[in-house]
Amino acid sequence: MDSVILQARGLTRHFGGLRAVDGVDFDLKAGEIHALIGPNGAGKTTFVSLLSGRIPVQSGSIALGGEDITALPAHARVRKGIAYTFQITSVYPRLSVYDNVALAVPPEAGELRPAVMAALSRVGLADRAEQIAGTLSYGHQRLLELGMGLALRPRVLILDEPTQGLASGEVAGFAALVRSLVPETTVLLIEHNMELVMDLAQRITVLNFGQVLATGTPAEIRANRAVQAAYLGDDDAAA
Amino acid sequence: MKAKDTKIWIAHLAVLAALGVLLAVLPAYHATNLARILTLAVFATGYNLAFGYTGLLSLGHALFFAAGVYGAALPVTYWGLSPLPAIALGCLAGGGLATLVGLLALRTAGVSFMIVTLMFAQAGYLTLLYFGQITGGDEGLVMPDATALIPGLSPDTARAVIAFTLFAIALLVSLIVIRSRLGRVMVAMRENEERSRMLGYNPFTVKLSALVLSGLFAGAAGAGYALLFGYAGASFATIQYSILPMLYVLMGGAGTTLGPLLGTAAMFYLVDGAARITTATLLVVGVALVLLILFAPKGILGTLRERGARWIP
Amino acid sequence: MSFGPFLLLAVMESLVTAATLALTAVGLSLVFGTMRVVNVAHGEFFMLGAVLAWFVTVSVGGPEWVGFVAALALAPLGVAAVATLADRVVLKRLNYEPEATIVATIGLLYILQQAALTFYGPEARPVEPPFNFRIQFPWFGYSGYKLFVIFAAVAVLLAVWWGLTRSKAGLIMRATQVDRDTARAFGINVDRVYAGVFALGAALAAIAAVLIVPIQQAHYLMGGEPLLLAFITVIVGGLGSLRGTVIAALVIGLSDGLIAFFYSPTLAKILATLLVALVLVFRPQGLFGAKA
């Protein structure tokens, strides 16, 4: 077990004088739910943007299943199996729910309709297939976003703050859904809801000022002094 | 789904059949007008693939149209090529230039894309002027008329047959494209490019494909226009010929298959009607543009679709 | 005439082009910089300035300089009024959405062109220069009026620059340019700023036109050329950068004039348009603009 599916070494991205991501080494093990946490501005979103290719790296390397993908553009990485769901919901508001998911189904997936409906059933939107996406409630748009991620049939699914703005009842359903994805899919999750993180994640990486502060199981992270210091020194400690 | 597909195909074939009947029964003057409209509608249908479906607002399509005009006219005039292969050449010339322009211009987006395409078209126009001894420049070249288009047919009939065939191919190809995977991805690029990129689609290749297709249509239309009406001139590369297809598409409904035809016909008769009462035909074009963008940016068919006729493709 | 004086003459002719180009282009650049509107009708504002100048000089009568001074005052005002109207009736309703405003200003271009054709006619008409004296160089005589055009353009540009950097109106404009919503939150009347900027941009084109009509004649199709050159200038200078625009106007005015003087003007224009396209593709911040 424990084979590494996604590996980053010395990943660096500076914006002017700001070291958003500064020499990060990171291993994502196949089949795990791995959470990425850290105070606001710690570089979490920049880091996953480097992994998904939305932002080009300045130095360092990224490998997916042993293959170097550092130079690949974002769309090619998606085809290799890295899916990214947006922090701010980004669906096609003027297209139907069905068409949104249909666009995500890879060309080689065979019959389109069963693939779309399977993804929609998984996120519980099958009965809304013909609705225009822009008219869905916010919670349903987040589910659609996830459904599009699933339809891509990714090896690694990156979820950027998926529960932001969801009601507490919706969060529980969401957690169950994410748990059902592994081990076929590996999940990398950015999340502020600590309760959810401790409950869902098998391993946690803490970023602070663009660097890795600690990596470990939820219990290890909870006991880590440096992590406590970073969080207590930040308004986020309570959150 | 299947029933809906059949309905759409029947609707389009019915439009084509009606056009065919009109061409056959209308008196010569009106049939020639209709041939002109159909040829320009090929241009607009191609423009619609880029602008209406993919969201690429080009101000340089005159270049692809003129490439078609001269791609057909030069071999016919200087080497005596027969008209039908000349149309194919013109079509390829339009697509070829669209590929070149796209490779460069698609590195930009939005307003920059509009200006870059405008500049390339302007450079093309000036180049036609620069080689005025060959191209005829602003005065143009007068070519043997449609009499020689199809042996055995009268010029009017030949014109009608060619215009109809070009338009029928353009409409059906456009319908097939927009109902294909490529077509759906084109719309996805228009609606949300970043999302589409993160679904694994290369924005550059998708937009380039749309632009090249659009260029092929423009080239075919230019070639047809030159041959059917026996004239090629540098004026076909002026900005006005980039504005016209945009106007037709805006009028008929961007992102609808039949909108370009409807818009072309509506503008043609609007300008034609205005020309009977006033010489101020430019005013009609200007006012139509301003009113459309202000009050009906979705055009005729786009507004109908919004008001409930959701099946309009 | 030997090469040296010939070159001097070419440079002086080019400076006239550069001076009026700088005025026109700064107008276009102000509008783009503040409102993010690409005004395709800018060349028609130029044409309108020239045509109005002709109407004013013809109806004023008296010595040439009286008519010219009246034209210099009234034509830009008239053009500014048309621009304000266009802003209020069309651009504002489109919420200054960049692509829609381009389509709308293309429509405006046709409307203005047609209006000029209908009311002014297809003829090209000259406007008398306000004074006629020639400066005698050892090799050739040169029109004193052309030198005046250069100085007048420089004076107007300095006034604009002073207004933008030193006056309160300039400050408000720059604040709006940075962020229109924040400006609105600080109580700035953004609608008025936009209307004002659009009018000012159009007036600058009109001033350039009034200055140029005694040299070139007024004609309803004269707007295309300055529009194209102004576009080139603004893009090469860096979209929205005024200093870059002025430098670019100088470079382009000189090179366009010089190349045209020695070679074919068509070839010069082909190269210039291709240059613009390539600058936008590979160096969108302009040749003289700082990186955004």
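The values are calculated or read from the model by the stated rules, or taken from the named source; none is laboratory data. Please read all numbers here as calculations on a predicted model, not as lab measurements. Glycine also receives a Cβ, built like all others from the backbone with ideal geometry; neighbour counts cover every protein chain displayed. Just so you know, the surface numbers come from the protein's heavy atoms only, side chains and all, with ligands and any DNA or RNA stripped out. Shrake-Rupley method; radii C 1.70, N 1.55, O 1.52, S 1.80 Å.
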ask   = Between a first residue in region A:152-165 that is under 15 Å from residue A:49 (Cα atoms) and a second residue that is among the polar types (S, T, N, Q) and in a loop (DSSP other than H, G, I, E, B), which pairs have beta carbons less than 6 Å apart while being 6 or more apart in sequence or on different chains?
value = A:157/A:185; A:160/A:87; A:161/A:87
note = Within region A:130-141, restricting to residues that are crowded, with 18+ Cβ neighbours inside 10 Å and within 14 Å of chain B (Cβ to nearest Cβ), the one that is nearest to the chain's Cα centre (by Cα) is A:141
message = I'd like the full set of residues that are outside any helix (DSSP H, G or I) and charged (D, E, K, R), limited to region C:18-47.
response = C:36
key: All positions within region C:145-194 that are within 23 Å of the chain's Cα centre (by Cα) and of a type in the set (S, T, N, Q)   = C:165, C:167, C:176, C:177
task = Given the conditions (1) surrounded by fewer than 21 Cβ atoms within 10 Å (Cβ to Cβ); (2) away from chain B (no Cβ under 14 Å); (3) touching a residue at least 40 places away in the same chain (Cβ under 8 Å); (4) not in a strand (DSSP E or B), report the number of the one that residue A:71 does not fulfil.
result = (3)
query = Can you tell me which residue in region B:178-205 is farthest from residue B:256 (Cα to Cα), limited to those that are in contact with a Phe, Trp or Tyr (Cβ under 8 Å, 6 or more places away or on another chain) and not in a helix (DSSP H, G or I)?
reply = B:198
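Residue-wise test of (1) closer than 30 Å to residue A:210 by Cα; (2) more than 17 Å from the chain's Cα centre (by Cα); (3) within 13 Å of chain B (Cβ to nearest Cβ); (4) crowded, with 21+ Cβ neighbours inside 10 Å.
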position	(1), (2), (3), (4)
A:33	yes, no, no, yes
A:50	yes, no, no, yes
A:57	yes, yes, no, no
A:61	yes, yes, no, no
A:81	yes, no, yes, yes
A:84	yes, no, yes, yes
A:90	yes, no, yes, no
A:125	no, yes, no, yes
Whichever residue in region C:1-33 is buried (at least 18 other Cβ atoms within 10 Å of the Cβ) and of a type in the set (Ser, Thr, Tyr) and, among such residues, is farthest from the chain's Cα centre (by Cα) = C:14
message = Within region A:155-187, take every residue that is open to solvent by 20 Å² or more (accessible area, probe 1.4 Å) and closer than 25 Å to residue A:20 by Cβ and give me the one that is nearest to the chain's Cα centre (by Cα).
response = A:164
inquiry  = From the list A:94, A:113, exactly one residue is within 10 Å of chain B (Cβ to nearest Cβ), on the phi < 0 side of the Ramachandran plot and assigned to a helix (DSSP H, G or I). Which is it?
reply    = A:113
message = Checking the condition surrounded by 24 or more Cβ atoms within 10 Å (Cβ to Cβ), out of contact with any Phe, Trp or Tyr (no Cβ under 6 Å at 6 or more places or on another chain) and not charged (D, E, K, R), which residue from B:227, B:208 passes?
response = B:227
inquiry  = When you scan region A:188-195, do you find a residue that is open to solvent by 10 Å² or more (accessible area, probe 1.4 Å), farther than 23 Å from residue B:199 by Cα and in a helix (DSSP H, G or I), even just one?
reply    = yes
remark   = Those residues of region B:73-116 which are within 14 Å of chain C (Cβ to nearest Cβ), part of a helix (DSSP H, G or I), surrounded by fewer than 18 Cβ atoms within 10 Å (Cβ to Cβ) and at pLDDT below 90 amount to B:110
request  = Go through region C:143-163 residue by residue and tally those that are farther than 13 Å from residue C:215 by Cα, in contact (Cβ under 8 Å) with a residue 60 or more places away in the chain and open to solvent by 30 Å² or more (accessible area, probe 1.4 Å).
outcome  = 4
query = Which of (1) within 14 Å of another protein chain (Cβ to nearest Cβ); (2) surrounded by fewer than 22 Cβ atoms within 10 Å (Cβ to Cβ); (3) touching a residue at least 60 places away in the same chain (Cβ under 8 Å) does residue B:177 not meet, given it meets every other one?
reply = (1)
request  = Taking residue C:228 as meeting all but one of (1) touching a residue at least 24 places away in the same chain (Cβ under 8 Å); (2) not in a helix (DSSP H, G or I), write down the number of the exception.
outcome  = (2)
